[in-house]
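Data first, discussion second: the structure below is written as structure tokens.
The values are calculated or read from the model by the stated rules, or taken from the named source; none is laboratory data. Every value quoted in this text rests on a predicted model; they were computed, and no experiment measured them. Neighbour counts run over all protein chains shown; Cβ positions are idealised from the backbone, glycine included. These accessible areas exclude ligands, DNA and RNA; they are computed on the full protein's heavy atoms, side chains included. Shrake-Rupley method; radii C 1.70, N 1.55, O 1.52, S 1.80 Å.
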2 protein chains.
Amino acid sequence: MRLSPDQTIELAEMLHIMGEANRLGILLCCLETERAVSDIAAELSLTPSLVSHHLRLLRGARLVRARRQGKQVFYSAADAHVRSVIADLVAHVGEDEAEG
Amino acid sequence: MRLSPDQTIELAEMLHIMGEANRLGILLCCLETERAVSDIAAELSLTPSLVSHHLRLLRGARLVRARRQGKQVFYSAADAHVRSVIADLVAHVGEDEAEG
DNA sequence: CCAACGTATGAACAGTTGTTCATATGTACA
DNA sequence: TGTACATATGAACAACTGTTCATACGTTGG
């Protein structure tokens, strides 16, 4: 239950990457389904350039993985582990709403 | 499972506050046990001033609550909900180690 | 009252971050 | 090859953040 300093830093870095609204939105956007960059940009009303910048950080943090198919690049959650962490967080937000 | 824009912002703000190593360390430090500011500062080798600054942000995000007792102020996780969220995150870090 | 202690606050500074714009890379198709 | 499209990258800039230092506040005991 207690983390080492290194583990604390590691977790903080992950949370830091997720702790920006647009970036979190992008991550949620391609959590369950593979999504192309322009697709994400359209859904969140962001420029493709900005989405690409954020995806680079998300990829750097191993939260997301990319797959090229023709001109498009499809992004999705890196693995089941990431999906699970975020599903937990999302579930907790839902609980907050219920409690008021 | 899908979050509204407002919920996304709310969650991002929470993650943003937790996404700094010293602050996360402080939060973990007073997760299970009530801890005085100087106590936390000593354990993490930080100045009481810095710890106080960070605790103000943690309190602002309702992640932590304060209780004054004489000259000291004891901080602890705001509620069971916060403890649960962080316990989940900590557990996932443990899994990462196991997987390699 | 005063002094000592624990905590909080505010100003200031360097370093970082999110965003935009311009431009480059990569791919497909005529 | 050349044009069009999707994505990526880099520079630049304002806004923000973590930290330090000095100082203030609140509490206890003389």
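Matching residues to (1) under 23 Å from B:Asp96 (Cα atoms); (2) touching a His at 6+ places or on another chain (Cβ under 8 Å); (3) among the polar types (S, T, N, Q):
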| site | (1), (2), (3) |
| --- | --- |
| A:Asn22 | no, yes, yes |
| A:Gly25 | no, no, no |
| A:Asp39 | no, no, no |
| A:Leu44 | no, no, no |
| A:Pro48 | no, no, no |
| A:Val51 | no, no, no |
| A:Leu55 | yes, no, no |
| A:Ala61 | yes, no, no |
| A:Arg68 | no, no, no |
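For region A:1-21, the set of residues classified as more than 7 Å from chain B (Cβ to nearest Cβ), under 14 Å from A:Leu57 (Cβ atoms) and open to solvent by 60 Å² or more (accessible area, probe 1.4 Å) consists of A:Glu13 only. Among the residues making up region A:31-48, those that are away from chain B (no Cβ under 14 Å) and either within 14 Å of DNA strand C (Cβ to nearest atom) or over 24 Å from A:Asp79 (Cβ atoms) (or both) are A:Ala36, A:Val37, A:Ser38, A:Ala41, A:Ala42, A:Thr47, A:Pro48. Does B:Ser52 count as under 19 Å from B:Gly19 (Cα atoms), away from chain A (no Cβ under 11 Å), surrounded by 14 or more Cβ atoms within 10 Å (Cβ to Cβ) and among the small types (Gly, Ala, Ser)? When the stated conditions are applied, B:Ser52 passes them.
Return yes or no: is A:Val51 in contact (Cβ under 8 Å) with a residue 24 or more places away in the chain and either of a type in the set (Val, Ile, Thr) or part of a strand (DSSP E or B) (or both)? Lay out the reasoning, then the answer.
On the way: in contact (Cβ under 8 Å) with a residue 24 or more places away in the chain: yes; either of a type in the set (Val, Ile, Thr) or part of a strand (DSSP E or B) (or both): yes.
So A:Val51 fits the description; yes.
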